[in-house]
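Data first, discussion second: the structure below is written as structure tokens.
The values are calculated or read from the model by the stated rules, or taken from the named source; none is laboratory data. Just so it is clear, the structure is predicted and the values come from calculations on it, not from any experiment. With ligands, DNA and RNA removed, areas are computed over all heavy atoms of the protein, side chains included. Shrake-Rupley method; radii C 1.70, N 1.55, O 1.52, S 1.80 Å.
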Amino acid sequence: MAKNDKDHHHHHNEQVDHSKMDHSEHVGHAYHEAQVEEGIHDHSNPSQNHEHHDHSDHSGHDHGHHHHGNFKEIFLKSLPVGIIILLLSPMMDIRLPFQFTFPYSDIVVAGLATILLVYGGKPFFQGAIEEFRQKAPGMMALISLGISVSYLYSIYAVLARYVTGEHIMDFFFEFASLLLIMLLGHWIEMKAVGEAGDAQQSLAELVPKDAHVVLEDESIETRPVNELKVGDLVRVQAGENVPADGIIKRGTSRINEALLTGESKPIEKGAGDKVIGGSTNGAGILYLEVQETGDQSFISQVQTLISQAQDQPSRAENLAQKVAGWLFYIAIAAAFIAFVVWLYIADIQTAVLFTVTTLVIACPHALGLAIPLVIARSTSLGASRGLLVKDREALELATKADVMILDKTGTLTTGEFKVLNMETLDGQHTEAEIAALMAGIEGGSSHPIAQSIVQYAEKQGIQPVHFDSIDVVSGAGIEGNANGRKYELISQKAFGRDVAVDVPKGATLSILVEDGNPIGTVALGDELKETSRTLIQALKHYNIKPIMATGDNETAAQGVAEELGIEYRANQSPQDKYDLVESLKNNGQTVIMVGDGVNDAPSLAIADVGIAVGAGTQVAIDSADVILTQSDPGDIESFIELANKTTSKMKQNLIWGAGYNFIAIPIAAGVLASIGITLAPAAGAVLMSVSTVIVAINAMTLKLSNRAI
């Protein structure tokens, strides 16, 4: 039977061009078990979610801090030093019940603060340098300003005590608490957003390192793939990955191209057929002539597209960064004005104190936790719904989405051939009898479509009819004898006459013929996932336009699109999908892309938000910002809801976290001193603590509904 399977394939192949179907095998589970090393990557920008990317380009959008060392390690090593400082240093000159001092304890504190500044402050100073390079001071500049001023003034205060004997208030407590809270906030955020994988690496791993080159005397020489030349004859063993794009010269086998083209099932190929490097050979041995190597190969072209996509700047505003930027400029301006005014109306010492108090209060403890706490809560909520959000800006961008482009096979549909319906035509056979005959005649074939008919009968508890003989009819179908009668299961085209049955759009129809008379039909096709319809309704509710883009043919694509009532594009190559996303973005639209295969990877990377279906390929997963670990389209609905609610909480927390600072800075600078209102350091510290607590409680109230709509 095996050698005839290629011919057998034709009778199912009339209406569906399988060579362009859009599905991926289960390669590597969804989130890679979230093996995350906290704190080494910059997740702030979708274009930087990949290790090969140049981290010096932050597109002015984020503080570029996530790759400045491992925040978990820095926090845990800084914590003991910070705690000692907090125990030995009064809070803005007020000794708390748990604090104590001893002779020269302030000298000890100054030494410990120096160690803490150099070690714990390093990532913030590095981040600030990058922000200034980008001419966009923000969170890192603000933190660096706060810790530098509080440290330097405190060192001056200690020196003054021993040199002049004068008591000057220090800010060591504020310095240590600010640094520890900021390190903790960054660690929480790093822990929440997983480290992005490297799509380039996953692609490269599809191609074997060595190839078996056939020499003129038919002997085999093992040669590195990068040394292959166009025209080389290569032998591909059963189960091996194809080393390069080429044409089969000898042999037949089924080739699994699911990872690359999105074809949902292995394709029978023989002499003269093209194969793609990185696809997987089935049970046969193939000899192929190398056609493309290096930059011209399919995988290399996809890598190039992904690389281009990753160089695109993010379009997220990053509100926290903006607010921090405003606070930085306000603090500098307020401190300068306070210094000049107090120098004029009082003396240098008063001027310096007001200036320093202004700068220390400007650095927001609450703002450092405002976003990380929401991200941590949002991440755990998402994970409970099968969502892994690798990039926090994906949440913000999703709230502005105009268009969602959806892959078909494996995303909206199951990607597996199923019996959609089976009908009896002559009134003399029951549907169960038709199923028994079809399962019997297909029983010896390993063809995926034959297997789906056999499985259908099994599920119905129908015993297949025993056939005495079975033969393949070239290009038409299959025939056999049972119970003294001749049966054929052939394509509609081979049958040559119309039959009065409704064929689901995009399905393949086969007809069962008994002694020349049609007695039954079976329609096979790809099935919509259960939650696909509710997803489309939800998108319309959120005013997001759904467009299906598939590598499948026009007929199959049209069927699914009409069933869902959405726009579609058929016969889409990786380049076509990439161009579609790019053109929509160039028209000013915010685009979400959902896909699962290598053919989706470039468009997942270039989209404002890329959502990978977890049962898809590792390459797609590495290219995306969000992963649906359960491969359920309904989870996209939860993601949109999560994005809206998370962004709303972030804005609320920014108001609580930074609002205090906007009010406190001018009061600390002394603008109301003329009417007797100044911000006592202790009152400032209490307000700071209250705003931090409110931010934490508000983050914990983030919840998702049972289902988005």
Exercise for the section: Take the solvent-accessible surface of the protein heavy atoms, probe 1.4 Å, and return the percent of it on region 374-511 that carbon and sulfur atoms account for. Expected result: 43
Problem - Accessible area expressed per residue, region 386-496, with surrounding protein chains retained (probe 1.4 Å, Å²) - result: 39
Problem - Separation between Cα centres of region 353-405 and region 443-521, rounded to whole Å - result: 58
Problem - Per residue, in Å², the accessible surface of region 527-628 once ligands and nucleic acids are set aside, probe 1.4 Å - result: 29
Exercise for the section: Leaving ligands, DNA and RNA out of it, report the carbon-plus-sulfur percent of the accessible area of region 271-351 at a 1.4 Å probe. Expected result: 61
Exercise for the section: For region 604-659, evaluate the Debye formula with one uniform point scatterer on each Cα (no solvent term) and list log10 I(q)/I(0) at q = 0.30 Å⁻¹, rounded to two decimals. Expected result: -1.11
Problem - Asp579 accessible area, assembled protein chains, probe 1.4 Å, Å² - result: 60
Practice task
Mind grabbing the accessible area of Phe125 for me, 1.4 Å probe, Å², rounded to tens?
Solution key: 60
Practice task
Using amide H atoms built 1.01 Å from N in the peptide plane, name the residues 5+ places from Leu420, or on other chains, whose amide H lies under 5 Å from its own.
Solution key: Ala523, Leu524, Gly525
Problem - Exposure rank, largest accessible area first [Ile697, Ile181, Ile511; 1.4 Å] - result: Ile697, Ile181, Ile511
Completion exercise
To the nearest Å², the heavy-atom accessible area per residue of region 108-228 with 1.4 Å probe amounts to 42
Handout entry: Long-range HN-HN contacts of Thr413 with modeled amide H, under 5 Å
Key = Lys529
